[in-house]
Amino acid sequence: MIDYHVFFQNALTSLKAEQRYRVFADIERRAGDFPHAVWYDEGQSRDVIVWCSNDYLGMGQHPDVLSAMQNSLLTHGAGAGGTRNISGNNHPLVQLEACLADLHGKDAALVFTSGYVSNEASIATLARLLPDCLILSDQLNHASMIEGVRRSGAVKKIWRHNDLEHLEDLLKTAGRCRPKMIVFESVYSMDGDIAPIERIADLAERYNALTYIDEVHAVGMYGPHGGGICEEQGLMDRIDIIEGTLAKAYGTLGGYIAADHVIVDAVRSFASGFIFTTALPPAIAAAARASIEHLKQSAEERRQHQLQVRLTKEALIRAQLPMMATQTHIIPLFVGHAEKCKQASDLLLRKHGLYIQPINYPTVPRGEERLRITPTPCHNKAMIDHLADALISVWQELDLPFGSYETVAPPSVVNQHKVQPLQIYPVAGG
Ligand SMILES: Cc1ncc(COP(=O)(O)O)c(C=O)c1O
């Protein structure tokens, strides 16, 4: 007799022994009061401040977004009622795709049920359709891109993170005639650094490769209309496929690609993860479009966001906490120890009422554990001061080293991350 239960229990036990077992805080966000939230724990509830949300601009509670969702819910009902092919192709979704194509200056867009699915389905489908395709994938690409690469069945080569020389070597070896797809992100979600997009596009042109960029951590927040880093740097037409999410800065749910008609039609026609699943509900599509339209014409949220990011970075530097150098709104605080990272997060929540999820392996390599702090326009100076004081107290209590990231982290880790000079990324158009 096989005792299946024991196999699963053993798997969980080893995960716990490696400090990799994930515990989800039971958090209830309060619309209109974000970043305040209620934390439920062992029958008790208490008010906490969320410092790790990917609702980067607080659009999940924006009145335009809420009323679009409410109106559509009452007009169209709750669900989509089917896959896109079978009765689920709702009008708000069609309007959303037109809005996304316009945002990125592309012919067309295609919406998926999440950013994860959009990456997995699009990368796998495109690479599978290209005979003998070679995928060149940045070393720090997100799990959803890695899964897409894997599912494509194509040969892959990993290029060292943001290392153009390495990328060029691989392109050169493959030659101009072999179909190639370069897949990378604009803003890397755990380090907060930015890819050299223009130079990657130059290489792609020189070696005749297709380019696929994940702008999940940039759409809504960068560029004069929120079109991401590619818009900010005037590069949208240099990249073949732009992928994004509706679940982070846009505050709702869903993912998408934007590209030329033929590429979008190919993914629409061949991607299993698009075809065989129920469409996004109309109320979510309507809310997402309201959010995108708002951020296309309003730079205020971006300006406020960058301001709170700058103030937070300055406070952490003043407190001599080991903040990793970052060019963007993502602020990683180096811990470098799985158990202490979890303990720091627990102390922040239980003792100081601050919710910051620990980031441990496999999201980051072992020895690079960190707290990932994401200020929003809804945070303020009092909250930032409270955060800095609480972090100092936790660092003292856990005997974690103070000082700059370069002095605290092992040199191998610092070198690996090729620390760039600290800067706040400028907000174009605002
Ligand atoms: C870089 C990157 N791409 C894609 C995704 C998936 O997006 P979604 O949360 O919409 O599924 C994430 C999610 O965190 C991400 O960090």
Among the residues of segment 287-295, is any away from the ligand (no atom under 15 Å from the Cβ), of a type in the set (A, V, I, L, M), within 28 Å of Gly77 (Cα to Cα) and surrounded by fewer than 24 Cβ atoms within 10 Å (Cβ to Cβ)?
no
So, first residue under 23 Å from Pro362 (Cβ atoms) in segment 336-352, second residue at pLDDT below 95 and surrounded by fewer than 17 Cβ atoms within 10 Å (Cβ to Cβ), Cβ within less than 6 Å, six or more apart or across chains; the pairs are Gly336/Gly367
In segment 34-67, which residues are among the aromatic types (Phe, Trp, Tyr) and over 22 Å from the mean Cα position of the chain (by Cα)?
Trp39, Tyr40
Determine which member of the set Val111, Val50 is under 30 Å from Ala338 (Cβ atoms) and either loosely packed, with under 15 Cβ neighbours inside 10 Å or hydrophobic (A, V, I, L, M, F, W, C) (or both).
Val50
Looking only at strands (runs of 3 or more DSSP E) that fall completely inside segment 178-273, which ones have 2 or more residues that are under 25 Å from Leu371 (Cα atoms)?
180-185, 241-245
Examine segment 259-275 for a residue that is acidic (Asp, Glu) and either at positive phi or surrounded by fewer than 19 Cβ atoms within 10 Å (Cβ to Cβ) (or both), and state whether such a residue exists.
yes
What is the one condition in (1) farther than 18 Å from Ala127 by Cβ; (2) more than 16 Å from the ligand (Cβ to nearest atom); (3) crowded, with 19+ Cβ neighbours inside 10 Å that Glu165 does not satisfy?
(3)
From the list Gln44, Gln95, which residue is free of Cβ contacts under 8 Å to residues at least 12 places away in the same chain and surrounded by fewer than 21 Cβ atoms within 10 Å (Cβ to Cβ)?
Gln44
If you check Glu215 against the conditions, is it under 27 Å from Lys156 (Cβ atoms), touching a helix residue (DSSP H, G or I) at 6+ places or on another chain (Cβ under 6 Å) and surrounded by 22 or more Cβ atoms within 10 Å (Cβ to Cβ)?
no
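Residues are listed down the side, and each one gets a yes or a no for (1) more than 15 Å from Ala288 (Cβ to Cβ); (2) among the basic types (Lys, Arg); (3) away from the ligand (no atom under 16 Å from the Cβ):
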{"position": "Gly223", "(1), (2), (3)": "yes, no, yes"}
{"position": "Gln233", "(1), (2), (3)": "yes, no, yes"}
{"position": "Met236", "(1), (2), (3)": "yes, no, yes"}
{"position": "Ile239", "(1), (2), (3)": "yes, no, no"}
{"position": "Ile242", "(1), (2), (3)": "yes, no, no"}
{"position": "Gly251", "(1), (2), (3)": "no, no, no"}
{"position": "Tyr256", "(1), (2), (3)": "no, no, no"}
{"position": "Asp260", "(1), (2), (3)": "yes, no, yes"}
Need the failing condition index for Cys99 against (1) under 30 Å from Ala285 (Cα atoms); (2) within 16 Å of the ligand (Cβ to nearest atom), just the number.
(2)
Could you figure out which of (1) in contact (Cβ under 8 Å) with a residue 60 or more places away in the chain; (2) part of a helix (DSSP H, G or I); (3) away from the ligand (no atom under 16 Å from the Cβ); (4) over 15 Å from Ile284 (Cα atoms) isn't true of Lys106?
(2)
If you go through segment 111-163 one residue at a time, how many are touching a helix residue (DSSP H, G or I) at 6+ places or on another chain (Cβ under 8 Å) and of a type in the set (Val, Ile, Thr)?
6
Among the residues of segment 155-167, are any touching a Lys or Arg at 6+ places or on another chain (Cβ under 9 Å) and more than 22 Å from Arg206 (Cα to Cα)?
no
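The values are calculated or read from the model by the stated rules, or taken from the named source; none is laboratory data. Everything numeric here is computed off the predicted structure, so don't read it as measured data. Neighbour counts are summed over all protein chains in view; Cβ atoms, including those assigned to glycine, are modelled from backbone coordinates with ideal geometry.
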